[in-house]
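Engineer: One structure follows; several queries about it will come next.
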Amino acid sequence: MIPIKNSMTRILEELQNVPSDGVYVSLYIPAKFSEPRERVSKRFRRQMDKARDLLETVLSPDEAKGFLEQLENAYKNVKSREFDRGLGLFGFKDRVSRVILNEVPPELTVVADSFHVKPLLRCSITNLNALVVMVTAQQITSFLLDDGGIHRQHRFINDLDSVDGLRRLGLVGNRLRSKQLHERFIKTKALELSQMESLYRRNIAILGSKVLRQRLAKELESSYGANVFYDSEISPCLEQIQTEVSEILRMQIRRQESAMASSLTLDAHGKLGSRDLADIARAAVNGRVETLIINSSTQIWGRFDRQTGAIRVARPNQQVAEDCILDDIAQVIHSYQGRVLFIDHESDPSQPQYSAIYRW
């Protein structure tokens, strides 16, 4: 199986295809580079034990066994060399699919009578992840920065910087880099990087000399839609790079969340937004919700009618038998190509628990 580079997008596509009836199961199994298969298999076994316990509460023993056998076979069919940063397995009534992840997922088991997107989306929002690119006249090296540290991904050599390369260009004896030579190097290596990584909307930090990093930033942003959020000289060690870039990325995420919350506060006072759960639910089933923002710790148990948008909030002693209304609303919003953001508002209790921006 060819690794899926834009793994979060691929997962969301899988989740949006979950049927509204029957049982849905997903397992998220983290893995690290060159990690023994035995360790990954132990995590898979833990996930399967959780899935078995949950499945047996909603299915007969034979049905649960058949479900687990499908997941088992899907896992066995993934070769060790295919593992990148983890594996996602998605089980439905009649099929199991899988996605090779290039981001470390949480060790998570989800079993539901319908798709619950909230746990996964919360992980995608809070996961600190960026591509760090070092550029010199001789090579471009990329690193993946995530919660587990910083790891080298790819290295692209500038073959034009060799004696043979200079001879082909008629530049032997002239080590000065012309603007044309710089641009050729940047364009070719940016293309190679784009073939290995999904760069669209990817957070990227670029380190190197001012001229080279600015040219690379321009190429990645204009040609591939990347988000270059930081550029600097090359630091002496990876630990320092990890610390500096992580802090800049956290600050950027906080600014984005603050800006989104501020715009929502303005819109919520007019016809383009709401903080009323019943109103948001009705708007969701009519395809009117453009963006739903939810405090990541908020859960509201009850029932949600996907046809009419009617809701019934459960009493505290009924929570075990109910679903989270916000999860179900999030699914409907996604079906209309809306956006759902889960934001940590613990540091700012004045922010609402949930709010929506409407299309009209």
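Values in this text are rule-based calculations from the coordinates and carry no lab data. Model, not experiment: these values are computed from the prediction. Here the Cβ is made from the backbone with ideal geometry for all residues, glycine too, and neighbour counts use every protein chain on show.
Engineer: Need the full-extension length gain, GLN214 to SER335, defined as separation in residues times 0.36 nm minus the C-alpha distance. One decimal, nm.
Structural biologist: Residue separation times 0.36 nm, minus the Cα-Cα distance, leaves 39.6 nm.
Engineer: Moving on to the next point. Which of LYS65, LYS79 comes first, and how do the rest follow, when ranked by fewest Cβ neighbours within 10 Å?
Structural biologist: Ascending number of Cβ neighbours within 10 Å: LYS79, LYS65.
Engineer: Label points 7 Å out from Cα along the Cβ direction at THR243 and LYS50: separation in nm?
Structural biologist: 3.4
Engineer: Using a Förster radius of 51 Å, what is the FRET efficiency between GLU63 and GLU221 based on their Cβ-Cβ separation? Nearest 0.05, please.
Structural biologist: Efficiency at R0 = 51 Å is approximately 0.50.
Engineer: Using the per-residue mean of other Cβ atoms lying within 10 Å as a proxy for protection, in what order, highest first, do the peptides 219-225, 185-191 fall?
Structural biologist: Packing proxy ranking, top to bottom: 185-191, 219-225.
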